[in-house]
Amino acid sequence: MVADDVLLELIHSELVAYAYNKEEEKDKKEVDFSSLEYAGFLSGYRIIERLTKDWPRFKDELETLKFICTDFWSSVYKKQIDNLRTNHQGVYVLQDNAFRFLSRISSGTQYLEHAPRYVAFTCGLLRGALANLGIVSLVTAEIQPMPAVKFHIEVKRS
């Protein structure tokens, strides 16, 4: 499975480099990583289909998020989420204290500006997985002292 880990890291780095270079060619002052987030959305949507094909429907949001933190995260990142918190009003915070895509970046503050490009794909991955499970959400990331990341999930209710 080490080959799978390396493959995921290589594909992710190429996706980030491609999205960054594509936006840089447009001479924008701020880089838009929506294409990277969308690639994550499509991937998460498809991955969750395979993972849940033999599972019964989840009874509520919290049960769904617990599945995301354990089975889904483990299948993608080979570890569970370190912490899940909720305010029981549609806001969930998933914390990964050693996010694998940031672990290769130095913990110096000079690299903090580059960190958002490494979490955009995962924000999309979470949003896509949740969308397939019937939960429309907004997913953002908060970079803690690297390599820790908090993913904030705000469930959209109609």
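The values are calculated or read from the model by the stated rules, or taken from the named source; none is laboratory data. This structure is a prediction, so every number in the text was calculated from the model and none was measured. Don't worry about glycine lacking a Cβ; one is built from the backbone with ideal geometry, like all the others, and counts go over all protein chains shown. Just so you know, the surface numbers come from the protein's heavy atoms only, side chains and all, with ligands and any DNA or RNA stripped out. Shrake-Rupley method; radii C 1.70, N 1.55, O 1.52, S 1.80 Å.
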**OP:** Starting from residues that are among the basic types (Lys, Arg) and loosely packed, with under 13 Cβ neighbours inside 10 Å, keep the ones in the stretch 82-106 and report whichever is modelled with the highest pLDDT.
**Re:** ARG85
Original post:
Within the stretch 47-66, can you find the residues that are in a helix (DSSP H, G or I) and without any contact (Cβ under 8 Å) to a residue 60 or more places away in the chain?
Top reply: ARG50, LEU51, LEU62, GLU63, LYS66
Original post:
For residues in the stretch 131-144 being within 21 Å of ALA98 (Cβ to Cβ) and not charged (D, E, K, R), which is surrounded by the fewest Cβ atoms within 10 Å (Cβ to Cβ)?
Top reply: THR140
Original post:
Of all residues in the stretch 148-158, which are open to solvent by less than 50 Å² (accessible area, probe 1.4 Å) and in a loop (DSSP other than H, G, I, E, B)?
Top reply: ALA148
Subject >> Contacts under 8 angstrom Cβ, first residue in the stretch 77-103 being over 25 Å from GLU9 (Cα atoms), partner polar (S, T, N, Q), 6 or more apart >> reply: ARG85/GLN95; TYR92/THR86
**OP:** Take ALA115 and decide whether it is part of a helix (DSSP H, G or I) and touching a residue at least 40 places away in the same chain (Cβ under 8 Å).
**Re:** no
Subject >> Pairs where the first residue, in the stretch 121-136, is farther than 20 Å from SER35 by Cβ and the second is open to solvent by 10 Å² or more (accessible area, probe 1.4 Å) and basic (Lys, Arg), C-beta under 6 Å, 6+ apart >> reply: VAL136/LYS156
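Residue by residue, here is whether (1) surrounded by fewer than 17 Cβ atoms within 10 Å (Cβ to Cβ); (2) at pLDDT 90 or above; (3) within 23 Å of VAL16 (Cβ to Cβ) holds:
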| residue | (1), (2), (3) |
| --- | --- |
| GLU49 | yes, yes, no |
| GLY108 | yes, no, yes |
| ARG117 | no, no, yes |
| ALA129 | no, yes, yes |
| MET146 | no, no, yes |
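Evaluate the following for VAL76: is it crowded, with 16+ Cβ neighbours inside 10 Å, part of a helix (DSSP H, G or I) and of a type in the set (A, V, I, L, M, F, W, C)? Talk me through it step by step, then tell me what you get.
Numbers: crowded, with 16+ Cβ neighbours inside 10 Å: yes; part of a helix (DSSP H, G or I): yes; of a type in the set (A, V, I, L, M, F, W, C): yes.
Criteria met by VAL76.
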Subject >> Failed criterion for ASN21 (all others in (1) modelled with pLDDT of 95 or more; (2) open to solvent by 70 Å² or more (accessible area, probe 1.4 Å); (3) not hydroxyl-bearing (Ser, Thr, Tyr) hold) >> reply: (1)
